[in-house]
Amino acid sequence: MKLETYAENTWCPGCSNFGILTALKETIFSLIAEGIPKENIVIVSEIGCGSKIIDYLNLNSFSSLHGRPIISAEGIKLGNPNLKLIVCAGDGGIYNEGIAHLIHAAKRNSDITVLVHNNRTFALTTGQFTATSPRGFKGKSTPEGSVEQPINPLKLVLASNGTFIARGYALKPSHLKDLIIKAVKHPGFSFVDILQPCISFFDTTSFYNQRVYEMKEKDLDSQKEALKKIEEWDYSENNDSKKIPIGIFYKVQKPTYEKQLLRTE
Amino acid sequence: MKKDFSILIGGAAGMGSRKAGLVIAKLFSGLGYRIFIYDDYQSLIRGGHNFSQIRASNEKVLSHRKKIDFLLALDELTIKKHQADLDKEGIIIYNSDKISIKDKKTVGIAVETIVKKAGGIPIMGNTAFVAGFAKIIGIDWKALKKLLKKEFKKSQELNLKVARKAFDNAKSLIKIKKIDQLPLPLLTGNEALSLGAVKAGLDFYTAYPMTPATGILHYLSGHKKEFNIAVAQLENEVGIVNAAIGAAYAGAKTMVGTSGGGFALMTEGFSLAAQSEIPLVVVESQRAAPATGVPTYTGQGDLLFALTAGHGDILRFVIAPGDAEEACFWSGKILNLSWQYQTPSILLIDKEISESTFSFDNNILNEIKDGKPLFWNKEGKYFRYKKTKSGISPLAFPGEKNVICKSNSYEHDEFGITVEDEESVEEMQNKRLRKFQEMRKEVEKLKAVNVYGKKTAKKAIIAWGSTKGPAKEVAEKLGVKMIQPVILEPFPEKQMKQALKGVEKIVLIETNSSAQLGKLLNCYGIKADKEILKYNARPFLPEEIEEKL
C-alpha cells in the first residue's frame with residue numbers, strides 16, 4: 001500500500017516536519033495492520049507548514065480554516081462516529097487562533113487525536129511569535145524581542161481535563177510513532193504537543209537535542225504527578241531550562257463526548 | 001357579529017403573561033379561529049413589561065393589529081401602556097385584588113381571593129385569570145376544562161378547582177361564536193421550520209444560544225429522540241459553523257441557527273463551505289441590530305449582509321419565508337437545495353417569524369421530500385471535485401470503501417490536492433460558476449415570488465419576510481397588488497419581472513432604515529416609487545401600512 005500522493009512536497013529541505021510525516025505514516029500502517037479500515041481514517045489540518053501534510057498522504061482529509069481543525073474534527077466525528085480523526089495542526093492555529101476549541105474539546109473529551117506541530121513560530125508567514133514562543137523572541141513583528149511569556153499548552157490541557165496528554169519530538173520519529181499510536185488508540189481526547197524545530201525561522205534543534213529526554217511513564221492517572229512533570233519545562237528558552245521530558249504525562253479513561261451525546265436508548 | 005378579535009395580555013416578566021396568552025389563544029383556536037400571537041418581551045428575567053397580543057380571526061392572519069378588543073392586565077402598567085389602543089367597544093379585564101380603576105368598561109377578577117378560597121398557590125393566579133376571561137367571552141366550562149387538563153399536567157386537580165371558582169364568579173358579557181372549520185395546531189415559526197428541516201432529512205442541528213433563534217435549539221433538543229437527530233450546543237458560533245461543515249463532510253445533513261451577531265462570527269465558515277463545496281444551512285433570524293442592538297425585538301437589517309457574507313466570490317441560496325408555513329416549507333427546501341448544489345445557504349427570517357405563534361396547517365409537510373443529492377456511482381477512482389458539465393461533483397463520504405475523500409479550503413484540483421497555478425485556479429472557479437448557473441435555473445423553476453391582492457392592480461406593494469403578513473392584509477383590503485420575493489439569491493429575475501407586468505407604481509415596505517431590498521431590486525432595474533420603512537424594532541401593523549399608503 002502506498003500512502004504517498006503525486007503532490008510536490010514544498011517543505012524546506014531538512015524540515016523537521018519530515019520526521020512527523022514519517023512517524024504518522026508508520027502509525028497509519030500499524031493501525032491498518034491492526035484492523036482499522038483505511039477508509040475510516042481522516043486527517044484534519046489547518047493552515048501552516050505542518051498542515052500541508054494532508055497533501056502528502058493518500059488518505060481522507062479535511063483542510064479546515066486557520067485555528068479550526070479541532071472543531072472541524074469534532075463535527076466530522078459527530079457526523080460519523082466510526083471515523084478515526086487525527087488533527088495535524090500548528091501552534092499558531094491551536095494555541096493562538098483557535099485556543100477556545102482546544103480547551104472545549106479537552107473539556108468534553110471528544111474522541112479525536114490532536115498532534116500539534118509546535119515549531120513555536122508562525123513560519124509560513126515568515127517568523128512571528130506565537131503563544132509558545134519564548135519571551136524575547138525576535139521576529140519581524142517583534143524586532144526588539146517579544147515581551148510575552150509563553151503558555152505551557154500541556155498545563156492548559158491538563159487544567160481543561162484532557163484525558164491523554166503527551167509530548168513528542170519531531171527528531172525522534174520512532175518514539176513519536178509509538179506516542180501517536182497510543183494517542184490514536186486512546187478512547188477520548190488525546191493530545192500530543194510535538195516539538196518541531198523550524199530550521200528557517202526558529203532553529204531550536206541543538207537546544208532540544210541537549211535537553212530532551214524520554215521520561216519514565218508512571219502514575220499516569222495522577223494529575224498532581226502529571227503537573228510536576230509538565231512543569232519541568234515552561235517553554236522558555238534560557239539556560240535555566242535544563243531538562244525537557246517527552247512521553248506520556250497523563251492518561252485516564254472517561255466516557256467520550258460522542259458516546260454520551262449520541263447515546264440512543 | 002365580527003369574527004376578528006384582538007386580545008392583549010400584559011404584565012411584568014415572571015408573571016406568566018405569555019403562557020396565559022397562549023392558553024387564551026388555544027381557547028379561540030378550539031373554536032375554529034385562526035391565530036397569530038405577537039410576543040413582546042424585554043431582555044430581562046424579572047420586572048419590566050411583557051405582553052402577548054393575540055389575533056383570532058375566521059380567516060388566516062399573519063400579524064397582530066393595533067386596536068384591542070380585550071385588554072387583559074396582570075398589572076397596572078399594562079393598562080397605562082395600552083389603554084389608548086383599546087377599541088371603543090373594548091373591555092379591560094384586570095386583577096381587582098391589585099388594581100383599582102373606574103370610568104371605563106372594565107371587569108375585575110379578584111385573582112388572589114379566588115386562588116386563596118380554592119386552596120391554590122399564588123402561581124395559579126393566571127389559571128383564575130384565564131378562566132374568568134373564558135366565562136366573560138362565553139366559553140363553556142366543558143371546553144375550558146378540556147384545555148386546562150391538557151395544559152396543566154402538574155397539580156391538575158387544584159388548577160381545575162381554581163379555574164372553576166373563577167369561572168363561577170364571573171359573568172358572561174358576550175358569546176364568542178364557533179367557526180365552522182377544523183382547529184389547527186399552534187406553532188411558532190422556529191418550531192415550524194424545525195419540522196420542515198426534519199422532514200427533509202435533518203441529521204444534526206448545532207447552535208449557540210442567541211435570541212430569537214434559540215427556540216429552534218430548544219425545540220429540537222426536546223424532540224431529538226422522536227426526530228432521530230443529534231443536537232449539540234458548542235463553544236461559540238465559530239465552532240458551530242465549523243463543526244456543522246465537518247459533520248456534513250462526513251455525510252450528515254446539518255443545520256445551524258443564529259441571529260445577525262452570531263452569523264457575523266460564522267462568515268469565515270460560510271466561505272469555507274463555499275470553497276470546499278460542502279452543504280451548509282444557516283438559519284439567520286434577524287433581530288434589531290447593529291451589534292447587540294435591541295436583542296429581543298425585530299428588524300430586517302441583515303439582508304445585504306446575508307447576500308454578501310463571506311470572503312471571496314461565493315455562491316449561495318438566500319431564502320426569506322414570510323410566515324410559519326413558508327418557514328417550514330422553505331427550511332426543508334433549502335436543506336435539499338444546499339445538498340443538491342453542495343453550497344452554503346441562508347434561511348433569512350426574523351424575530352417576528354421565529355417567536356410569533358401561528359395557526360399551522362400540517363399539510364405543508366406533505367410538500368417536503370427527503371431529497372437525494374447527486375451521489376458518486378462507485379465506478380473508477382473517486383474525485384471529490386470532479387469537473388462536470390453542471391459543475392456539480394458527485395458526493396461520497398469518508399468511511400466508504402475505495403473512496404479517498406479530500407476536502408480542501410485551499411484552491412484544489414479534482415482530487416482535492418492544493419493548487420496555485422493560474423490555469424487550475426480559473427478552471428475550478430469556472431466549475432463552481434457552472435454550478436451557479438444551474439442554481440439560477442433551479443430558482444426560476446420554483447415558486448420564488450408570491451403575488452397576492454388584486455393581481456391586475458396598477459399599484460403594487462413589494463415586501464419580503466415577515467412584512468408579508470401585514471402588507472398582504474392591507475393589499476387585499478385596499479385592492480392593490482402585493483409582491484413577495486421569497487428567494488433573494490440567486491435572484492428570480494424572470495418571475496419578478498412577470499409579477500411587475502402592468503404595475504405603474506411600486507411601494508416598498510421594509511423594517512429597516514436603508515431599504516435593503518430596494519437596493520437589491522435596483523440591481524435588476526426595478527425602482528420603487530415610494531418607500532415605507534420602519535426601524536423602531538417593532539413589526540409593521542396593518543393599520544400603519546394602510547395609513548401610509
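Where a number appears in this text, it was derived from the coordinates with a stated rule and is not lab data. Owing to the predicted nature of the structure, the values given are computational and were not obtained by experimental measurement. Positions of Cβ are generated from backbone atoms using ideal geometry, with glycine treated the same way; all protein chains shown enter the neighbour counts.
Brief remarks follow.
- Point-charge dipole on Cβ atoms (K/R +1, D/E -1) for chain B, about Cα centre, debye to 20: 2600
- Taking the longest Cα principal axis of chain B as reference, the axis of helix B:468-478 is set at about 70 degrees.
- Rounded, prolate or oblate (a/c below 1.5 giving rounded, otherwise prolate when a/b exceeds b/c) for the range A:14-76 by Cα gyration tensor: oblate
- Per-residue 3J(HN,Hα) values for the range A:35-46, derived from phi via the Karplus relation 6.51 cos²θ - 1.76 cosθ + 1.60 with θ = phi - 60°, read x, 7, x, 4, 5, 8, 8, 10, 9, 10, 10, 10 Hz in sequence order (x marks Gly and Pro).
- Between B:Asp421 and B:Lys389, the simple spin-label model (points 7 angstrom out along Cα→Cβ) gives 2.8 nm.
- The protein assembly as shown, dipole about Cα centre (Lys/Arg Cβ +1, Asp/Glu Cβ -1), debye to the nearest 20: 3380
- The range B:4-169 - charge dipole about Cα centre, Lys and Arg +1 at Cβ, Asp and Glu -1, debye rounded to 20: 500
- Centre separation in Å (Cα based) which lies between the range B:507-532 and the range B:17-94: 32
- Antiparallel DSSP beta bridges within the range B:4-169, percent to nearest 5: 55
- Cleavage-rule hits, chymotrypsin sites (Phe, Trp or Tyr not before Pro), the range B:440-549, DSSP coil, Cβ neighbours within 10 Å at most 13: B:Tyr524
- Calculated FRET efficiency, A:Lys242 to A:Leu3, Cβ-Cβ distance, R0 = 56 Å: about 0.90 to the nearest 0.05.
- Calculated SAXS-style log₁₀ I(q)/I(0) at q = 0.06, 0.11 Å⁻¹ - the protein assembly as shown, Debye, Cα scatterers: -0.47, -1.15
- Checked against a 26 Å cut-off, the cross-linked pairs A:Lys107/A:Lys228; B:Lys372/B:Lys441; A:Lys138/A:Lys251; B:Lys60/B:Lys372; A:Lys77/A:Lys185 give Cα-Cα distances beyond that limit for A:Lys138/A:Lys251; B:Lys60/B:Lys372.
- Where only alpha carbons of the range A:17-261 are counted, the Rg and the Dmax (Å): 16.7, 53
- Considering only beta bridges that DSSP places wholly inside the protein assembly as shown, some 30 percent are antiparallel.
- Surrounding net charge for B:Thr113, when Lys and Arg each add one and Asp and Glu each subtract one, Cβ distance under 12 Å: +2
- For the pair the range B:311-353 and the range B:117-159, the centres of their Cα atoms are 41 angstrom apart.
- Helix B:237-249 vs. chain B, principal-axis angle (Cα, 0 to 90°, nearest 10): 60
- Farthest towards the positive end of the charge dipole of chain B, among the residues B:Ser513, B:Tyr341, B:Val451, is the Cα of B:Val451, using unit charges on the Cβ of Lys, Arg, Asp and Glu.
- ³J(HN,Hα) computed for each position of the range A:10-22 - Karplus, 6.51 cos²θ - 1.76 cosθ + 1.60, integer Hz, glycine/proline x: 10, 5, 4, x, x, 4, 6, 4, 4, x, 5, 4, 4
- Equivalent ellipsoid of chain B: semi-axes from √(5λ) of the C-alpha gyration tensor, largest first, are 47, 27, 19 Å.
- When only alpha carbons are used to place a centre, the range A:5-32 and the range A:127-168 end up 24 Å from one another.
- Residues in the range B:503-530 reached by a label modelled at B:Lys458 [backbone nitrogen below 19 Å; 7 Å Cα→Cβ]: B:503-508, B:527-530
- In loop segments of the range B:344-413 as defined by DSSP, the trypsin sites (Lys or Arg not before Pro) with at most 11 further C-beta atoms inside 10 Å of their C-beta are B:Lys381, B:Lys389, B:Lys401.
- Under 19 Å of direct C-alpha separation, and excluding same-chain neighbours fewer than eight residues apart, B:Lys224 reaches these aspartates and glutamates: A:Glu258, A:Glu265, B:Glu191, B:Asp203, B:Asp370.
- Electrostatic tally near A:Phe202: other residues with Cβ closer than 12 Å to its Cβ, Lys and Arg +1, Asp and Glu -1, net -1.
- Whole-Hz ³J(HN,Hα) from phi, Karplus 6.51 cos²θ - 1.76 cosθ + 1.60, for the range B:483-498, glycine and proline x: 10, 10, x, 9, 8, 10, 7, x, 6, x, 4, 5, 5, 5, 5, 4
- Filter on A:Lys2/B:Lys387; B:Lys454/B:Lys548; B:Lys369/B:Lys431; B:Lys477/B:Lys548; A:Lys155/A:Lys243; B:Lys481/B:Lys527 - keep pairs with C-alpha separation over 22 Å: A:Lys2/B:Lys387; B:Lys369/B:Lys431
- Rounded to 5, percent antiparallel among DSSP beta bridges of chain B: 40
- Of all segments of chain B bounded by GluC sites (Glu not before Pro) found in a DSSP loop with no more than 13 other C-beta atoms within 10 Å, the longest spans B:60-378.
- With respect to chain B, whose longest principal axis is taken over its alpha-carbon atoms, helix B:324-341 is tilted by about 10°.
- Look at the Cα gyration tensor of the range B:449-548: its axes a ≥ b ≥ c give a/c of at least 1.5 with a/b at or below b/c, and that counts as oblate.
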